Amino acid sequence: MKAIVYDGPRQVSVKDVADAKIERPTDVLVRITTTNICGSDLHMYEGRTDFETGRTFGHENLGEVVEVGKGVDKVKVGERVCLPFNVSCGFCKNCERGLTNYCLTTQPEPNMAGAAYGFADMGPWQGGQAELLRVPYGDHNCLRLGEDAVDKETDYVMLADIFPTGYHATELAGVIPGDSVVIYGSGPVGLMAALSATIKGASKVMVVDRHPDRLRLAEEIGAIPIDDSKVDPVEFVLEQTMGLGADRGCECVGYQAHDPQGNEDPSMTLNSLVKAVRFTGGIGAVGVFVPQDPGGVDDMAKRGEVAFDYGLHWFKGQTLGTGQCPVKKYNRRLRDLIAADKAKPSWIVSHELGLDEGPDAYQHFDSRDDGWTKVVLHPNGFHKKAS
Ligand SMILES: [Zn+2]
Ligand SMILES: [Zn+2]
């Protein structure tokens, strides 16, 4: 089968690799029809992780079931399914509590938890930027889609990661109806956090970024764009909230946060949120941070440590929730919102491409080229976006 293979920093290529296949009775084999390039793929693409050369990326996957193992009861051949980026078992101590983001059995390293397809340090699972994907514990991991699965494919594929992850940011922050919310990062996850806050009935949603194409997308769903290359985002949020600060804040940037001039500072967005969120407010941090970052700007960053303004955070009595999203906690409910036309997360999709165009798309997305807001790949044939 064809797959996008990591060759080294900023180098990927489409290669013929061994077909994914059923390896255990509980496996499901999926023919991938849609798979996304994600911002977290870029950390690996840029060589900022220990992702192995020769492996395949791709953790935002949707497709058609082509084969099921003998121990699979629910999922049937021919069904369209969306796969949570978390690979989880359903029976470990964490999965039992719904924390499939910290599965203990699909992650083979001792003293580690959590697994994902095609992801550095998250188990041996191959990615889905390929023609076929092996899904372990298929009955547990497959989210089945309805008759509109093909029509709304670019919406449903967002259930694999970014829509639940954006929603999770608002859950960690504690967003409830009427809240004012500031979101740092207007990339795909930040935009999904803005959509989620809107769905939850936030009174005011503010999104901080500096890329005009992304800020425009935030504005399209009624959020207030804040261009931090032009204004001080903290000052702006305070002005918008009678000097009090926003009720809730979401961090959707992560450890490669940098100022408009490109100077990296992993503490930048978190410390800005501590200032922009009110006393006793909540912060949800879903942007990726890592325990080691050999490519970090200084010794502290290399150790994965962040100069977090804990003094002010504590003094203001804020809460801070962190970590990857347990996709299964939300994906059914968000699927049903899409089915009912109450959410259309595909509004951020800028490019629908074939697998062969993947390497080129990585370059554009990594360069944050204008207009490349979200790339969707169709490894088994595709149609261009109509508009
Ligand atoms: Zn992702
Ligand atoms: Zn588990």
### Message
Being closer than 20 Å to ALA169 by Cα and near ligand 2 (Cβ under 8 Å from one of its atoms) is the filter here; which residues of the stretch 103-117 pass it?
### Response
CYS103
#### Entry: Hits in the stretch 257-277 - residues which are among the polar types (S, T, N, Q), in contact with an Asp or Glu (Cβ under 8 Å, 6 or more places away or on another chain) and surrounded by fewer than 23 Cβ atoms within 10 Å (Cβ to Cβ)
SER267, ASN271
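Among the residues of the stretch 133-143, are any within 16 Å of ligand 2 (Cβ to nearest atom), among the aliphatic types (A, V, I, L, M) and outside any loop (DSSP other than H, G, I, E, B)?
If we filter the stretch 133-143 for residues that are within 16 Å of ligand 2 (Cβ to nearest atom), which is where we start, we get 135-142.
Narrowing the set further to residues that are among the aliphatic types (A, V, I, L, M) leaves 135.
Imposing the further condition that a residue be outside any loop (DSSP other than H, G, I, E, B) reduces the set to 135.
Yes: the stretch 133-143 contains one or more residues that are within 16 Å of ligand 2 (Cβ to nearest atom), among the aliphatic types (A, V, I, L, M) and outside any loop (DSSP other than H, G, I, E, B).
Among the residues of the stretch 219-229, is there at least one that is in contact (Cβ under 8 Å) with a residue 12 or more places away in the chain and under 18 Å from the mean Cα position of the chain (by Cα)? Working first, answer last.
Looking only at the stretch 219-229, we keep the residues that are in contact (Cβ under 8 Å) with a residue 12 or more places away in the chain, and these are 220-229.
Subset that is under 18 Å from the mean Cα position of the chain (by Cα): none.
Taking every residue of the stretch 219-229 in turn, none turns out to be in contact (Cβ under 8 Å) with a residue 12 or more places away in the chain and under 18 Å from the mean Cα position of the chain (by Cα).
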### Query
Only one of these conditions is not met by GLY311: (1) crowded, with 17+ Cβ neighbours inside 10 Å; (2) modelled with pLDDT of 95 or more; (3) not in a loop (DSSP other than H, G, I, E, B). Which number is it?
(1)
### Query
Which ones in the stretch 1-39 are out of contact with any strand residue (DSSP E or B) (no Cβ under 8 Å at 6 or more places or on another chain) and aliphatic (A, V, I, L, M)?
ALA18
## Note on the structure
Just one listed residue, out of CYS92, CYS82, is within 14 Å of ligand 2 (Cβ to nearest atom) and at negative phi, and it is CYS92
### Message
Being polar (S, T, N, Q) and within 16 Å of ligand 2 (Cβ to nearest atom) is the filter here; which residues of the stretch 3-57 pass it?
### Response
THR26
### Message
Condition first: of a type in the set (S, T, N, Q) and within 19 Å of the chain's Cα centre (by Cα). Now tell me which residues in the stretch 269-295 satisfy that.
### Response
THR269
### Query
Restricting the search to the stretch 1-48, which residues are under 18 Å from the mean Cα position of the chain (by Cα) and either surrounded by 21 or more Cβ atoms within 10 Å (Cβ to Cβ) or in a strand (DSSP E or B) (or both)?
THR34, THR35, ASN36, ILE37, CYS38, GLY39, SER40, ASP41, HIS43, MET44, TYR45
## Note on the structure
Expected single match for surrounded by 24 or more Cβ atoms within 10 Å (Cβ to Cβ), among the small types (Gly, Ala, Ser) and within 14 Å of ligand 1 (Cβ to nearest atom) among ALA193, ALA197 is ALA193
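The values are calculated or read from the model by the stated rules, or taken from the named source; none is laboratory data. Nothing here was measured: the structure is a model prediction, and the numbers come from that model. Quick reminder, even Gly has a Cβ in these numbers, built from the backbone with ideal geometry, and neighbours come from all protein chains shown.
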